[in-house]
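Here's the structure we're looking at; comments come further down.
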Amino acid sequence: MLELQHVDKYYNPGTVNEMCLFKDFNLKINDGEFVSVVGSNGSGKTSMLNLVCGSIPVDAGKILVGGTDITKKKDFLRYQNIGRVYQDPAMGTCPNMTILENMSLADNKGKKFGLKLGTNKARIEYYKEQLARLDLGLEDKLDIKVGSLSGGQRQAMALLMATMTPIEFLILDEHTAALDPKTADLIMELTDQIVKEKHLTTIMVTHNLRYAVEYGNRLVMMHEGKAILDKAGEEKASMKVEEILGLFTEISIECGN
């Protein structure tokens, strides 16, 4: 279980540009939940992910995993149990390394590196099997540099690499936003398959309301650092895109837009 308890977060504190994003923010995510998070720009979606991952510190409050306080835990230590896929396909892979080298790097996540070869030839067949699941022909291009691949191919690889080692949480930060609609649909189908296979607790930030409705078993809408909508189970399953869009419209009118 992941818990954010009474979290405060300020940007530019002590200056004329000081902004309070979170004030006494609370959120609990149960093991095995797939949570879709929607909201307008500046609502706190990505900042919440960064707090969970340790990319930015909290100013007050706690972050707990399984009842253990990880608030002060360094981000690189948190990533031993977290896989994250970013909006930019370039951020999840190393462009100047080959597909094989990228797969090997992901396979060795959290392990100690010594004076030995980074690529284990005994694992090549395993890498091919994993890449074949993507149905993109990458299993036959192990010596190709990742930088020469398309955005969709790189994002599929990033998703695969983020979940190669045992993890507890999968963090998806608008991971289909930079892709064309057909490729985005492919990545979402792959995402759903991996989440279900590995029983991963997942938080997906997305601007695609259709994906938010169709995927996952819980939906949270953020606005000005608050969760103004939280639907799970049957309530979430019965939601329509039009309902969420209507709420967005109401908020926009209230804000004078």
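Some notes on this structure:
- Within the stretch 140-232, DSSP assigns beta bridges of which about 55% are antiparallel (rounded to the nearest 5).
- Comparing Cα centroids, the stretch 17-82 and the stretch 157-233 end up 16 angstrom apart.
- Apolar share of the accessible surface for the stretch 180-247: 52 percent from carbon plus sulfur atoms, 1.4 Å probe.
- Other-chain or far-sequence residues with amide H under 5 Å of Arg84's (modelled H): Ile171
- Tilt relative to the chain, helix 151-162 - C-alpha long axis, 0 to 90 degrees, to 10: 90
- Each of Ile251, Val220, Ser238 was scored by the projection of its Cα onto the charge dipole of the chain, and the greatest displacement toward the positive side belongs to Val220; charges sit on the C-beta of Lys, Arg, Asp and Glu.
- Theoretical gain in end-to-end length, Ile56 to His207 [0.36 nm per residue, Cα-Cα removed]: 52.1 nm
- Entry comment: accessible area of the chain is 51 Å² per residue, from protein heavy atoms only and a probe of 1.4 Å.
- Share antiparallel - DSSP beta bridges, the chain, percent rounded to 5: 55
- Given Lys45/Lys145; Lys74/Lys231; Lys9/Lys231; Lys141/Lys182, the pairs whose alpha carbons are separated by over 28 Å: Lys45/Lys145; Lys74/Lys231
- Shape analysis of the stretch 12-63 based on the Cα gyration tensor places the equivalent ellipsoid semi-axes at 23, 14, 10 Å, largest first.
- Once the Cβ-Cβ distance of Glu125 and Leu64 is raised to the sixth power relative to R0 = 45 Å, the FRET efficiency obtained is 0.65.
- Dipole of the chain, positive end: most advanced residue of Ala132, Pro166, Gln193 [Cβ charges, Cα centre]: Pro166
- Less than 5 angstrom separates the built amide H of His223 from those of Ile228, all sequence-distant by 5 or more or on a different chain.
- Note on the chain: helix-only mean residue ellipticity at 222 nm, from DSSP H runs of 4+ residues weighted -39500 (n - 2.57) and normalised by residue number, equals -9500 deg cm²/dmol.
- Charge dipole of the chain (Cα centre as origin; +1 on each Lys and Arg Cβ, -1 on each Asp and Glu Cβ, all else neutral): 1040 debye, rounded to the nearest 20.
- Ordering of 237-245, 82-90, 25-33 by packing is 82-90, 25-33, 237-245, highest average first (other Cβ atoms within 10 Å, averaged per residue).
The values are calculated or read from the model by the stated rules, or taken from the named source; none is laboratory data. It should be emphasised that the depicted structure is a prediction, and the values quoted were computed from it without experimental measurement. Every residue, glycine as well, gets a Cβ built from its backbone with ideal geometry; the counts of neighbours run over all protein chains shown. Ligands, DNA and RNA are excluded from the accessible area calculation, which covers all protein heavy atoms including side chains. Shrake-Rupley method; radii C 1.70, N 1.55, O 1.52, S 1.80 Å.
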